[in-house]
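K.L.:
Dropping the structure in here first, questions after.
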Amino acid sequence: MFTHIWKKEIQGELYTWKSMLWLVIASLLFSFTSYLLLTNKELSLLDQTELLWLLGKIIVGVALLILTIDASSIINVEFERETAESLFLSPVSLRDFILGKLLASITLWAAVFLVSIPYIIVTSAGSHLAWAFIGYIALLGMLGVVGFVFLIFGISLLYRSSKNTITTSLIILLAFATPALFTSALKNDVVSQVFSKINPIDNIFNSLDNVLVDYKISVIENWQFLLPLVIFCAITFLFLFLSAKRFTQQGIIRND
Amino acid sequence: MDGLNLHIKKSEFFGFLGPNGAGKTTTIRMITGILTPDHGTIRIDGHPLEDKQKIASVIGVIPESRGFYEWMTAVEYLGFFADLYGIAGKEKEERINLLLAEVDLIKRKNSRIGTYSRGMRQRLGLARALINNPQILFLDEPTLGLDPQGQEDIQLLLKKLNAKGVTVFLSSHLLNEVSNLCSRIGIINNGTLVAEGTIHELQEKTKLKDKTLTDIFLHLTHKSS
């Protein structure tokens, strides 16, 4: 059942000028970054692995931003355009509905990831890290995207409003992303270090650093970053589950 | 809603009347499982509402919210719902074409819904409600916004369906429509069922013999307000 919802989303929401524009913008950003990394004199003084790490951070950052915006409206648009009632009168369950929408979000992430591959290959030329880079971007990006999409879907079901969901989701994304901008002194602070251990975005960036800069490629060598990401996904899934339960109790359409 | 007790018989054409805000849409949403009642039980064709798959397979609904996927064509739209009901292959194609012909949309079947008039959307909504060949139809103002010809076409189609044994639960503001189509009528006001029966029974109950449904409706809804 959820595959029909997924197909509808691909056809109607993702395969549109809006999503295509997002992919073009992502591609332009990756082009611009790769060009700067490879041609700028000051940046070219950096070790190649540092350049790859910078590109990796940009790919994950852009993907999370696009996914946050898209996932914030993908559920509530059905209520705001009054299509939800007809949908839920058919044999579709809330679980099918959420699964279909989740698959659509993952498809968008997959499209952003595919767009990034040529840039990863070009930037990694001459190093042996291209495949590890691609593999870790896929794994870390997927964990980050799934965790954030669970969280955003949970917020969507609570608010039932795209506008409120997008505002809240962007604030949360910003709160998680801000420590990446901290200076070394701030990052060494105890509070900052504790937050870094649980912050999914920090864990993604630190794992990329571990793989690309410190050459620790195996999953076992990255468990300290992957485990918090898996825990983040589990917590956000629990939040989505509770939010869906509350949503069901209130009724598909709220009787205001 | 307050102590609403309704029993609709098989193959009946039941009219549900009430002033604005009386609780007609809320009742339909509760019966069809979209809203959860605080207490009480609802059974459709013997199945409790919790049996969503079974209920969804026997009912067809034109709900109050009339949203459509504007970017789809009528064929794609009905195809999407046919998929949800597990209707596939040749049966799906035949069913879609038959329904589009019934609601007079066959010539525009490949146009985007975004280009449809209100009346065309109403008719497409009815086609969607019929995609699973339902035994019971719940219609919330199905002729709202239609011109007289459009209203008559829909009414004829509903009569035909009822003659084939489909149970129809019709909520409408058009008292003429209800008195022409329905074999039994329920009148609701402020969430309470104030009267139920055939027009003749309602005339007797209200002691308004030879009066129209409009007179009975006004009498009952004013009295109970």
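The values are calculated or read from the model by the stated rules, or taken from the named source; none is laboratory data. Bear in mind that the values here come from a model prediction, so they are computed numbers and not experimental data. All Cβ positions, even for glycine, are placed from backbone atoms using ideal geometry, and neighbour counts span all protein chains on display. Each accessible area value is taken on the protein alone, full model and side chains, heavy atoms only, with ligands, DNA and RNA left out. Shrake-Rupley method; radii C 1.70, N 1.55, O 1.52, S 1.80 Å.
K.L.:
Using only atoms on other chains, find how many Cβ atoms lie within 10 Å of each Cβ of peptide A:76-87 and report the average.
P.N.:
Whole-number average of other-chain Cβ neighbours for A:76-87 is 5.
K.L.:
Amide H neighbours of B:I42 under 5 Å, counting only residues 5+ apart in sequence or on other chains, H built in-plane at 1.01 Å?
P.N.:
Counting only residues 5 or more places away or on other chains, the set is B:L49.
K.L.:
Let me ask something else. Just to be sure I follow: if Rg is taken over the C-alpha atoms of segment B:55-140 and Rh is the Kirkwood radius over the same atoms, what is Rg/Rh?
P.N.:
Reported Rg/Rh, Kirkwood definition of Rh: 0.93.
K.L.:
If I take R0 = 56 Å and measure r between the Cβ atoms of B:K9 and A:R246 in this structure, what FRET efficiency does the formula 1/(1 + (r/R0)^6) give, to the nearest 0.05?
P.N.:
0.90
K.L.:
Given an 8 Å cut-off on Cα distances and at least 6 residues of separation, report the relative contact order of chain B as a percent. Show your work: numbers first, answer last.
P.N.:
Working: 333 pairs, mean separation 70.5, N = 225.
Once divided by the residue count of chain B, the mean separation gives 31 percent.
K.L.:
Right, here's the next one. Principal axes first, then extents: for the Cα atoms of chain B, list largest minus smallest coordinate on each axis, whole Å, largest first.
P.N.:
55, 39, 29
K.L.:
Follow-up. Placing +1 at every Lys and Arg Cβ and -1 at every Asp and Glu Cβ, with all other atoms neutral, what dipole size does segment A:2-250 have around its Cα centre, in debye to the nearest 20?
P.N.:
That gives a dipole near 440 debye.
K.L.:
Rounded to the nearest 500, what is chain B's calculated 222 nm mean residue ellipticity when only DSSP H runs of at least 4 contribute -39500 (n - 2.57) each, over all residues?
P.N.:
The helix contribution divided over chain B gives -12500 deg cm²/dmol.
K.L.:
Right, something else. If a/c stays under 1.5 just call it rounded; otherwise compare a/b with b/c (prolate if a/b is bigger, oblate if not). Do that for segment A:2-250, with a ≥ b ≥ c from the square roots of the Cα gyration tensor eigenvalues.
P.N.:
Prolate.
K.L.:
Can you give the FRET efficiency for A:I134 and B:V58, using 1/(1 + (r/R0)^6), R0 = 51 Å, r = Cβ-Cβ distance, to the nearest 0.05?
P.N.:
On the way: r = 51 Å, r/R0 = 0.99.
Taking R0 as 51 Å, the efficiency between A:I134 and B:V58 is 0.50.
K.L.:
Provide a whole-number value for the mean count of partner chain Cβ atoms within 10 Å of the Cβ atoms in peptide B:81-87.
P.N.:
Mean partner shielding for this stretch: 5.
K.L.:
Continuing with this model, one more query. Taking H placed 1.01 Å from N in the peptide plane, check which residues at least 5 places from B:V168 or on another chain put their amide H under 5 Å from its amide H.
P.N.:
Residues meeting the amide H criterion: B:E12, B:F13, B:F14, B:L137.
K.L.:
What are the extents of the Cα atoms of segment A:162-256 along their three principal axes, listed from largest to smallest and rounded to whole Å?
P.N.:
For segment A:162-256, the Cα spread along each principal axis is 56, 29, 21 Å.
K.L.:
Rolling a 1.4 Å sphere over the protein heavy atoms, what is the accessible area per residue of the protein assembly as shown, to the nearest Å²? Before the final figure, lay out each step's value.
P.N.:
Details: 22860 Å² over 481 residues.
Roughly 48 Å² per residue, with all protein chains present.
K.L.:
Right, next: Taking every eigenvalue of the Cα gyration tensor of segment A:1-72, multiplying by 5 and rooting it, what semi-axes result, largest first, whole Å?
P.N.:
33, 12, 8
K.L.:
Take A:T167 and B:T212, extend 7 Å from each Cα along the Cα→Cβ direction, and tell me the distance between the two endpoints in nm.
P.N.:
5.0
K.L.:
Can you order the peptides A:177-187, B:182-192 by their average number of other Cβ atoms within 10 Å per residue, highest first?
P.N.:
Values: A:177-187: 11.7, B:182-192: 19.9.
The peptides rank, most packed first, as B:182-192, A:177-187.
K.L.:
Same structure, new question: What percentages, rounded to whole numbers, describe P(r) for the protein assembly as shown computed over all alpha carbon pairs with 20 Å bin width beginning at zero?
P.N.:
21, 42, 24, 11, 1
K.L.:
Counting residues in segment B:104-225 as N, plug N into 2.2 N^0.38 Å and put the Cα Rg over that result.
P.N.:
Segment B:104-225 yields a ratio of 1.22.
K.L.:
Please go through the residue pairs A:K8/B:K109; B:K24/B:K52; B:K9/B:K54; A:K101/B:K107 and name each one whose alpha carbons sit more than 23 Å apart in this structure.
P.N.:
Working: A:K8/B:K109 18 Å; B:K24/B:K52 21 Å; B:K9/B:K54 19 Å; A:K101/B:K107 33 Å.
Flagged as over cut-off: A:K101/B:K107.
K.L.:
Continuing with the same structure: Using a Gaussian network model of chain A whose springs link C-alpha atoms within less than 10 Å, name the residue from A:S105, A:S116, A:S19 with the highest mean-square fluctuation.
P.N.:
A:S19
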